1. Using modelled backbone amide H atoms (1.01 Å from N, in-plane), which distant-in-sequence or interchain residues come within less than 5 Å of Leu235's amide H?
2. Once you have the Cα-Cα distance between Arg169 and Met181, take 0.36 nm times their residue separation minus that, and quote the gain in nm to one decimal.
3. Can you tell me the length gained on complete extension of the stretch Gln94 to Ile216, counting 0.36 nm per residue apart and subtracting the Cα distance?
4. Output the pairs from Lys52/Lys146; Lys51/Lys146; Lys15/Lys149 with a Cα-Cα distance over 31 Å in this structure; if there are none, say none.
5. Using the Karplus curve 6.51 cos²θ - 1.76 cosθ + 1.60 with θ = phi - 60°, work out ³J(HN,Hα) for each residue of segment 62-70 in order, rounded to whole Hz, and write x for Gly and Pro.
6. Just how far, in whole angstrom, is segment 73-146 from segment 211-274 if you go by their alpha carbon centroids?
7. Determine the principal axes of the Cα atoms in segment 13-280, then give the extent along each, sorted from largest to smallest and rounded to whole angstroms.
8. Rg to Rh for segment 66-108: what is it, with Cα atoms only and Rh by Kirkwood?
Amino acid sequence: MTIKAYLNPDFTLGKKLIFFLVCFIGIAISLGLIYLVAITVLQRDISGQRKKLALNNAFVNKVQRFFEMLIAGTSVLSFSCAYVIINHVNHLVQTGVATNLTSREKMLVELWAEGKDFVLLLLICLSCVINTILDMIIIPLKKITKEEKATIRMLAMFYVIILLMYLNRIGDESEYSPVMMYYFGLMIGRFVYFDASFKDFLIALKNMFFNLPYLILSLSLTGLLCYFGFYMKFLLERNYFIVGIFYTHLFLLAGIFLIHIVWMIISAFTRPRRTSVLSRSYLIK
């Protein structure tokens, strides 16, 4: 049992480019919706010369929160996907379907059987590291605060829980329920920690409520893209839907990275002149 079993051999380069283009268009439409919302809010609250500057700041902040939702969602989903694949392979070994294992594969199976909880903890830590690398180094999001990032990351867990709840209805419940319980535990710990006050709890709820639109937008975008991918047979149904969903998020990350590169190029050409606030936000400091 190798990783090739979870790949679609018919997903050729041409089909990947088509799927990437569709994902990129989906991101562009989402950014357009965010821009319309920013304009609507500012037209009601601000007028005059400050409007353009405020619009740029608001748009960049909202876009980066949306990007953080997708980045954090991908990182959390990587843990879920890894768990499902490892657990599936272990099940095949235990039932005798997978045979002729190498010494290394046998060692990994024994490690999973004896220290499953520790492996899961390691995977959770790795997903956090991946999240940090993505939103601080590869696609730096510097226009949102640490508190905003923390709130979005917490919502990303709920984002994945919703995906897993849907998968439970169409797949094997035993594959996803343990992962959901881990996420529920992490979310409860985020709300109720040992030195938290009731005021802290209310603030966390308030921050989560104000960022719910990004959760809804991300779920809508992911759902439409996954439907397109499975309908066009770009993604495989036989190897768990969660693997296809994870592939979709990888394409979304590629689209976000391309947008980041475009902003860097625009900023480089406009650097001698006065750089706009929107361009400066995507420069790597």
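Coordinate-derived values only; no laboratory data. Please read these numbers as outputs of a predicted model, since none were measured by experiment.
1. Placed amide hydrogens put Phe230 under 5 Å from Leu235.
2. 2.7 nm is the gain from fully extending Arg169 to Met181.
3. 40.0 nm
4. Check vs 31 Å cut-off fails for Lys15/Lys149.
5. Each residue's phi maps through the Karplus curve to give 5, 5, 5, 5, 5, 4, 4, 4, 5 Hz.
6. Result: 21 Å between the Cα centres.
7. 72, 54, 35
8. 1.23
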